[in-house]
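Participant: Pasting a structure below so you can have a look.
The values are calculated or read from the model by the stated rules, or taken from the named source; none is laboratory data. As the structure is a computational prediction, the values presented were derived from the model and not from experiment. Methodologically, a virtual Cβ is constructed for each residue, glycine included, from the backbone with ideal geometry; neighbour enumeration extends over all protein chains shown.
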Amino acid sequence: MIRSQAVLIVVVAVAVAFPTPAAAKDDNQNSIGSFLNELPVEVHGFYEIRSGYRLRKDKYEKDMSVMETRLQVDLASYLDWADLKVRGDVIGDMVEEQADFDLREANIFTRPLDFMDLKVGRQILTWGTGDLLFINDLFPKDWQSFFIGRDTEYLKAPSDAAKISLFSDFANLDIVYTPQFDLDRFISGERISYWNSNLGRLAGRDAIMGTDKPNQWFRDDEIAARLYKNINNYELAFYGYRGYWKSPGGQNAARSQAIFPDLNVYGTSIRGAVGKGIGNFEFGYYESDDDQNGKNPLVNNSELRFLAGYTQEVGRDFTAGFQYYVEYMLDYGQHKDSMPVGLDRDRDRHVTTVRLTKLLMNQNLRCSLFTYYSPSDKDAYMRPNINYKATDSLALEAGANIFFGDYPSTFFAQFQNNTNIYVALRYSF
Amino acid sequence: MTRYIVIVLILFVFMLPGLAAEPNNVPEAKSAVQEIPAVNTIVNKANMMAYYQGRDGKAKVTMTITSKQGQKREREFIILRKDVNDGGDQKYFVYFERPADVRRMVYIVHKHVGLQKDDDRWLYLPALDLVKRIAAGDKRTSFVGSDFLYEDISGRNLAEDTHELIETTEQLFVIKNVPKKADTVEFSYYNVSIDRKTFVPMKMDYFDKQGKLYRVIESKKIEMIQDFPTVVQSEVTDMKTSSKTEMVFSGVKYDINLDEDIFTERYLRKPPREAIR
């Protein structure tokens, strides 16, 4: 939270330090007042109540999966030289029995040159072609919010970064510099129980994962780049990333803390019309820099990741999407040799996803189902959701997060006891 | 959000449903009574009037949807349009302002007139910073939950219907349009009344498979803007659902020299000032 405040202060300070030309011209004793007059602020947001329960007894977690009220306030101001934006949530969280503030955005956007955009500060960042699967999008995710049934927008956690975008006829380039590593809000046991391989059992609040994370400013930094071009509306992109595994990618020698080893990613993607629908393909080479040869059992091996997807409208107001995703571990022999028997992983992990979305009642009722199914892990995760817009400002929502699988340690099956249903009411303004 | 996904388009500005034209495919009218042009000429002129005024343009659109029970819902967005070539492909940029939950969402459409090529569509969701590519959809689907259909707005390709001039009054040409593939649409035919002087389509009457009138679109108010006759208020009534939608255009401007780049990912992620002011 201290960092949130710091960012906010920086944004406001910079804004105040550069009054608009019009304000400067006035140049009277009341320059602050005229500055404020020049600063029409748009205020929007929503108020939300969300309540959810586990459907199965989980001895490591509370029965309530989510129980919170949330006020999001979104302030935007358009100056001659820049756009300012601050968006944050105040949350009364009854599961954690505390009030919280989550600053989602606090940034300055400007177009200093015809061919350049610049956005500095706290921001949400997304690129890549997957639908709820990410290869070259190495920006922070909030898996905890995702699994407990918050709105999908909370899957993306904010980054404190500078994004520079350069545009040309040849291609466009985005560079995102994050001076201090922004990790995922990963599953640590606080809200979601998980498979703890050290304990060899499920764990939750009894064994909240300790972490040792890179956190030195300007040394433990991240840089991500995307070079992209639209060729006849086929969107081609190349990606590069230098940073760290965003969720724990290993453990320290004492196996007491999760660590975030060095990671470099190189990838590409293409997306465009295929037949009646939209097809996409994405690839990424995950180079686990702290375990180049795969011999270190405490650090993730390098991987190749592939994704292919297709979406089509299959009926009136009815859309279906399908994806196939593979993680292929490199140096698998070294991994097998270095791991104790029984703790080694499969070489590949395959995941398929299906998204079905149907709109009813003049598109005011949306029914959707997103399903992950892994044929290799033999587990699945289903996300049914119904959203009804009672009026232009009031929406009612109900949904579930359903996990199942054959083995307790696989990616989705480990969350079986977290299977939950939720309802929500949101008033937007 | 996905409610906006389905549909696009928008060709609202300058709009008026109906007569998208493929001149070469329009059957020749048999005869031209004095001062009465051939059917294809009428149809072409109406199409140009409805969709291609100026090289580009901008408007703010306010839609009010009134249900049978009298409940009202509002949609408000700013639309920018640029013609790739006159009478042909077009690009649209739509910035949603209301309702609040879709505020700042952006829609870009590259409309292709060719029969074989689907429109390219993108949607930007600001809360996720997500650029989505939208699959081509059934064009007889509601636009943003209103009583206007995508096809009312983006224009129905004339090659899909046969056209006949069935009536000529002092003010209007009335053209009957019969679909060549009857099973792909819910109507059996529709009549369009076109103003003889301006060629603005004034009214469209849709008849169901039993031949009963069930849907009417009317141009309620026309203004001259930069010498272009422009429909600034129109209304669709659906007799089957007893629902209606009114659409009002304000701040209409033509020939504002929109940059081609506005219809690319750069501005999808961060709209130009033209789009939000």
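Participant: Since B:LYS244 meets every condition but one in (1) away from chain A (no Cβ under 14 Å); (2) within 18 Å of the chain's Cα centre (by Cα), which condition does it not meet?
Facilitator: Status for B:LYS244: all satisfied but (1).
Participant: Inside region A:366-382, can you point out the residues that are assigned to a loop (DSSP other than H, G, I, E, B) and within 14 Å of chain B (Cβ to nearest Cβ)?
Facilitator: Those that are assigned to a loop (DSSP other than H, G, I, E, B) and within 14 Å of chain B (Cβ to nearest Cβ): none in region A:366-382.
Participant: If you don't mind, there's one more thing I want to ask. Regarding B:ARG215, is this residue within 14 Å of chain A (Cβ to nearest Cβ) and not β-branched (Val, Ile, Thr)?
Facilitator: So B:ARG215 does not fit the description; no.
Participant: Still on this structure, please answer the following. Report yes if some residue within region A:220-232 is part of a loop (DSSP other than H, G, I, E, B), touching a residue at least 60 places away in the same chain (Cβ under 8 Å) and more than 17 Å from the chain's Cα centre (by Cα); otherwise report no.
Facilitator: no
Participant: Return the pairs, sorted by first residue and then second, in which the second residue is among the acidic types (Asp, Glu), the first residue lies in region B:138-159 and is more than 14 Å from every other protein chain (Cβ to nearest Cβ), the beta carbons are less than 9 Å apart, and the residues are 6+ apart or on different chains.
Facilitator: B:SER154/B:ASP119; B:ASN157/B:GLU22; B:ASN157/B:GLU151; B:LEU158/B:GLU22; B:ALA159/B:GLU22
Participant: Could you grab me the full set of residues in region B:19-60 that are over 26 Å from B:GLU76 (Cβ atoms), modelled with pLDDT of 50 or more and either under 14 Å from the mean Cα position of the chain (by Cα) or part of a helix (DSSP H, G or I) (or both)?
Facilitator: Result: B:VAL39, B:ASN40, B:THR41, B:ILE42, B:VAL43, B:ASN44, B:LYS45, B:ALA46, B:ASN47, B:MET48.
Participant: Here is a follow-up. Considering only region A:105-112, I want to know if a residue exists there that is under 23 Å from A:PHE415 (Cβ atoms) and within 12 Å of chain B (Cβ to nearest Cβ).
Facilitator: No - not one qualifying residue is present in region A:105-112.
Participant: Shifting gears a bit: Of the residues A:GLU327, A:GLU397, which single one is within 14 Å of chain B (Cβ to nearest Cβ) and acidic (Asp, Glu)?
Facilitator: Result of the check over A:GLU327, A:GLU397: A:GLU397.
Participant: I need the full set of residues from region A:324-365 which are at positive phi and touching a Ser or Thr at 6+ places or on another chain (Cβ under 9 Å), in order please.
Facilitator: Listed by number, the residues that qualify are A:ASP331, A:ASN362, A:GLN363.
Participant: Checking the condition outside any strand (DSSP E or B), within 12 Å of chain B (Cβ to nearest Cβ) and not aliphatic (A, V, I, L, M), which residue from A:ASP131, A:ASP117 passes?
Facilitator: The match here is A:ASP131.
Participant: Of the residues that make up region A:77-87, is at least one in a loop (DSSP other than H, G, I, E, B) and at pLDDT 95 or above?
Facilitator: Scanning region A:77-87 turns up no residue that is in a loop (DSSP other than H, G, I, E, B) and at pLDDT 95 or above.
Participant: Right, something else. Looking only at strands (runs of 3 or more DSSP E) that fall completely inside region B:152-216, which ones have 3 or more residues that are of a type in the set (A, V, I, L, M)?
Facilitator: Where strands (runs of 3 or more DSSP E) fall fully within region B:152-216 and carry at least 3 residues being of a type in the set (A, V, I, L, M), they are B:172-179.
Participant: On the basis of being surrounded by 16 or more Cβ atoms within 10 Å (Cβ to Cβ) and not aromatic (Phe, Trp, Tyr), does A:ARG316 make the cut?
Facilitator: no
Participant: Whether any residue in region A:166-174 is under 27 Å from A:GLU282 (Cα atoms), within 14 Å of chain B (Cβ to nearest Cβ), under 20 Å from the mean Cα position of the chain (by Cα) and not in a loop (DSSP other than H, G, I, E, B) is what I want to check.
Facilitator: Checked region A:166-174: at least one residue is under 27 Å from A:GLU282 (Cα atoms), within 14 Å of chain B (Cβ to nearest Cβ), under 20 Å from the mean Cα position of the chain (by Cα) and not in a loop (DSSP other than H, G, I, E, B).
Here's the yes/no breakdown for (1) assigned to a loop (DSSP other than H, G, I, E, B); (2) at the interface with chain A (Cβ under 9 Å from one of its Cβ atoms); (3) of a type in the set (A, V, I, L, M, F, W, C):
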| site | (1), (2), (3) |
| --- | --- |
| B:GLU74 | no, yes, no |
| B:ARG81 | no, no, no |
| B:ASP86 | yes, no, no |
| B:TYR92 | no, no, no |
| B:PHE96 | no, no, yes |
| B:LEU123 | no, no, yes |
| B:LEU128 | yes, yes, yes |
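Participant: Follow-up. Here are the criteria: (1) under 28 Å from A:GLY277 (Cα atoms); (2) within 14 Å of chain B (Cβ to nearest Cβ); (3) in a strand (DSSP E or B). Tell me which single one A:ASN362 does not satisfy.
Facilitator: So the condition that A:ASN362 fails would be (3).
Participant: Still on this structure: Among the residues that make up region A:139-160, is at least one of them within 21 Å of B:LYS132 (Cα to Cα), over 12 Å from the mean Cα position of the chain (by Cα), in a strand (DSSP E or B) and away from chain B (no Cβ under 13 Å)?
Facilitator: For region A:139-160, residues within 21 Å of B:LYS132 (Cα to Cα), over 12 Å from the mean Cα position of the chain (by Cα), in a strand (DSSP E or B) and away from chain B (no Cβ under 13 Å): absent.
Participant: So which of B:ARG140, B:ARG75, B:ARG81 is buried (at least 20 other Cβ atoms within 10 Å of the Cβ) and in contact with a Leu (Cβ under 8 Å, 6 or more places away or on another chain)?
Facilitator: After applying the criteria, what remains is B:ARG81.
Participant: Name every residue in region A:233-258 that is in contact with a Pro (Cβ under 8 Å, 6 or more places away or on another chain), at pLDDT 95 or above and assigned to a strand (DSSP E or B), in order of residue number.
Facilitator: A:TYR244
Participant: Determine, yes or no, whether A:ILE192 is surrounded by fewer than 22 Cβ atoms within 10 Å (Cβ to Cβ), more than 12 Å from every other protein chain (Cβ to nearest Cβ) and β-branched (Val, Ile, Thr).
Facilitator: Here the answer is no, as A:ILE192 does not meet what is asked.
Participant: I'd like the full set of residues that are under 19 Å from A:GLY243 (Cβ atoms) and assigned to a strand (DSSP E or B), limited to region A:270-320.
Facilitator: Result: A:GLU282, A:PHE283, A:GLY284, A:TYR285, A:TYR286, A:GLU287, A:SER288, A:VAL299, A:GLU303, A:LEU304, A:ARG305.
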